[in-house]
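Written below as structure tokens is the structure these notes are about.
The values are calculated or read from the model by the stated rules, or taken from the named source; none is laboratory data. Predicted, not measured: the structure shown is a model, and the values here were computed from it. Backbone-built Cβ (ideal geometry, glycine too); neighbour counts: all protein chains shown. Areas reflect the complete protein model, heavy atoms only, side chains present, ligands, DNA and RNA absent. Shrake-Rupley method; radii C 1.70, N 1.55, O 1.52, S 1.80 Å.
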Amino acid sequence: MLRKSLLALALLAALQEAVASEPATDTGADAAPAADTAQAMEVISVIGEGETRQVQRISADSEKLLPPGSSPLKVLSELPGVSFQSADAFGSYEWSTRISLRGFNQNRLGFTLDDIPLGDMSYGNNNGLHISRALIGENLGGAEVAEGIGGLNTASTSNLGGTVKFYSADPLPQFGVTLARTLGDDSAQRTYVRIDTGDHHGFAMYVSGAYSDTDKWKGEGEQKQTQFNVKAMYDFGDNHLGFLWTTSRRDENDYQDLSLDLENRKGWDWDNTRPNWQQAVNSAYCNPGYGHASQCPYTQDELAHGAYDWAYYDARGLRNDDLLGLSGDFGLAENLRLKATAYYHNDRGQGHWFTPYVPSSASVPISLRTTEYGIDRDGVVAALTYELGMHTLEGGLWYEDSHHTAQRNYYFINGPVDDNYFFHDPDIRQFFQRFHTETRQFYLQDTMRLLDDKLTINVGFKSPHTETTATVPQGTFAQQLANGSLTAKKTVLPQIGAGYKLGGGNELFASYGENIAAFQAGVTGPFATTQDIFNAVSTHLKPEKSKTAEGGFRHVDSEFEFSGTLYHVDFSNRLVAIAQCPGIVGCVSAFANVGSVTSQGAELAFVWKPIEGLRWYNTLSYTDATYDDDYVQQHKNDAGDLVNVIVPAKDKQTVDTPKQLFSTDLSWTQGPYELHLGANYVGKRYYTYTNDAGVPSYWLINAGAAYTFGDLGYLKNLRIALNVTNVADKHYFATVGSNGFTDSDPNGLFQTLLAGAPRQSFLTVTAKF
């Protein structure tokens, strides 16, 4: 496929001679962005010039460096302090997708799209949705990452370790149609269409859709997604109205979770057994309770190393989402503005697993287990800003009312079934919980500009209040979970920052902020336990809290951009699920505050633009994040009784936290030509709290090339692009913690790892009409 793609690129480049007689138009890559986008992100300093916090930005052009259909999260992987992992080339396979900032995992970060909260974007939906579903990648207008201290105006109750704000692209001022078609390895195909109305007396909108379908790079199965985005804007006088509607229908077959031992025995290409049903049945017969031990394909040594869970028939994730947002920005009076966004989100999802733990019948030792999710949430985010001399006063609020359901069910089957749809009316209902979460958050801040605007000082606070109530509806359930309420609140969480312009493009900045996190609803939170355990621990649980201090230096001129930052974080009241069984089984856990974490580190970013069209971007990050305390875990002894065991986690590196991260990206644009070469280094990561098991460091190289033609008849800005991921075809572990983390794994048996995708190439042709 790679050789064919390169040949196609060369042939199309040669066609330029055939269109030389066409009228000359300025359609080179340098000219296109300025004409085609209303977003201004690309003209803002990537290193956050003028901010009193550590802030990094990316533009819409960054998405073009990746294969179409890539998650906007993958664009962030080149930023300092950002670790992004996924088992697929697009970064959109949600079971595997992980992003962390300075060692804070995804569940402790905050995400928004056009000010609409996306929650913590967890796989087990409870308070939001993933950006890969919220927005088509080609419609990304830009993103802003605060690696440590998110803005007070960010609508999030999980942002202990930073925030990511995504922005959708604005409609274009001229009428036009954009059509893009992508083909690639593993039968990958993608179609993207967008129609822009152009500007009509202040009104403009676009309607866009995308359909993608690709085979898994190993094993059997597909990963498919259909999306629609509609955005409309209306400007009148000093006012602005906006409307956003996005939909997503995602269907993805899962990859099998690996362990260190399993990869060593079976290799990187080991996966679920589909379409071999009998192999899955024989593996299920290894369960001694089924009475078919003679048909078990594994030896006693293999069974002792977890062979029963090495592979299943199949697994799948289904997600249907609809998101609506209505926003306004109004000039109420001189120096007084009101900005508000109202939103509604509906989600329905199911996770499927052909489980060997619950038989369908005496002859079929496998059933289909589903974990089922539902979200209905609506809310409003509003802010009032007043300019008063050297002061900019801003006050705002966020209110959200969210209803979430979580249930786990079993469906009896007669054999292999096509499960790419939502199941109903289960044979066994294991558990069912309803959650109501009410969030109220208020903030107030003053930005002062002194000394002829050389000195900027931010002083403010926010006051969050989140109450979550779990109820169990009437019915018969195999596992009775807890009813109850938990509240996370704080009257004052202060934030202060200062920036000073030294002249010559140089500036200093420093900031301090405090934050707490709301208790998580759903199948992975403290409500997912029995009533007795919840009653025993709920009165003692405290919301997780962070205190972050950071400071640094920036330099910006026409040729160089540089940013250097030092930070220190105290993370206290850390919540841990005390597991009572292997993660795949899904039995209840006990939750407890187990101590604190101390993090400190440094981040460097350097951009060099020696000549027009050439850009070299580098980042280097060092993170020293360690646990401050040992804690007590419960284990079953040989007699089957739960006993307390001290986990010696003190001074150990936090899980899934590489100490070193490095990225380098060289891009060259000259007229119609675009070339891109990037590399990322990720240091060693642990998946045990005692650091006795982890995955090695790795390098990953990606490349791309594109050519933009002149007009060809009705076609405008015809562009062909080739993207190659994992150029060196590196074997590496991408995701760490797919099934959570464990205290110790000396034999490497814990299946919580996912292998990264091999080298893949994708060819995209884009045309505008």
Considering only the range 521-555, state which residues are part of a loop (DSSP other than H, G, I, E, B), open to solvent by less than 40 Å² (accessible area, probe 1.4 Å) and of a type in the set (S, T, N, Q).
T529, S538
From the set of residues in the range 425-453 that are among the acidic types (D, E) and part of a strand (DSSP E or B), which is most open to solvent (accessible area, probe 1.4 Å)?
E438
Of the residues N414, N458, N409, which single one is part of a loop (DSSP other than H, G, I, E, B), of a type in the set (S, T, N, Q) and out of contact with any helix residue (DSSP H, G or I) (no Cβ under 9 Å at 6 or more places or on another chain)?
N414
Of all the residues that make up the range 675-689, how many are touching a Lys or Arg at 6+ places or on another chain (Cβ under 8 Å) and buried (at least 20 other Cβ atoms within 10 Å of the Cβ)?
2
Within the range 628-674, track down each residue that is small (G, A, S) and surrounded by fewer than 16 Cβ atoms within 10 Å (Cβ to Cβ).
A639, G640, G671
Mind checking which residues of the range 209-246 are open to solvent by 10 Å² or more (accessible area, probe 1.4 Å), touching a Lys or Arg at 6+ places or on another chain (Cβ under 9 Å) and among the hydroxyl-bearing types (S, T, Y)?
Y211, S212, T214, T226
Could you list, in sequence order, all residues of the range 501-515 that are under 13 Å from E49 (Cβ atoms) and crowded, with 16+ Cβ neighbours inside 10 Å?
K501, G505, E507, F509
Among (1) touching a Ser or Thr at 6+ places or on another chain (Cβ under 9 Å); (2) among the hydrophobic types (A, V, I, L, M, F, W, C); (3) open to solvent by less than 30 Å² (accessible area, probe 1.4 Å), the one test that L152 misses:
(1)
From the list T764, T735, T742, T752, which one is buried (at least 18 other Cβ atoms within 10 Å of the Cβ), at negative phi, β-branched (V, I, T) and at pLDDT below 95?
T742
Starting from residues that are of a type in the set (A, V, I, L, M) and part of a loop (DSSP other than H, G, I, E, B), keep the ones in the range 638-655 and report whichever is nearest to V594 (Cα to Cα).
A649
Looking only at the range 340-355, which residues are crowded, with 21+ Cβ neighbours inside 10 Å and more than 29 Å from Q279 (Cβ to Cβ)?
T341, Y343, H345, D347
Kindly indicate whether E394 is open to solvent by 50 Å² or more (accessible area, probe 1.4 Å), assigned to a strand (DSSP E or B), among the acidic types (D, E) and modelled with pLDDT of 95 or more.
no
Quick one: is S367 open to solvent by 20 Å² or more (accessible area, probe 1.4 Å), in contact with a strand residue (DSSP E or B) (Cβ under 9 Å, 6 or more places away or on another chain), more than 30 Å from G331 (Cα to Cα) and among the small types (G, A, S)?
no
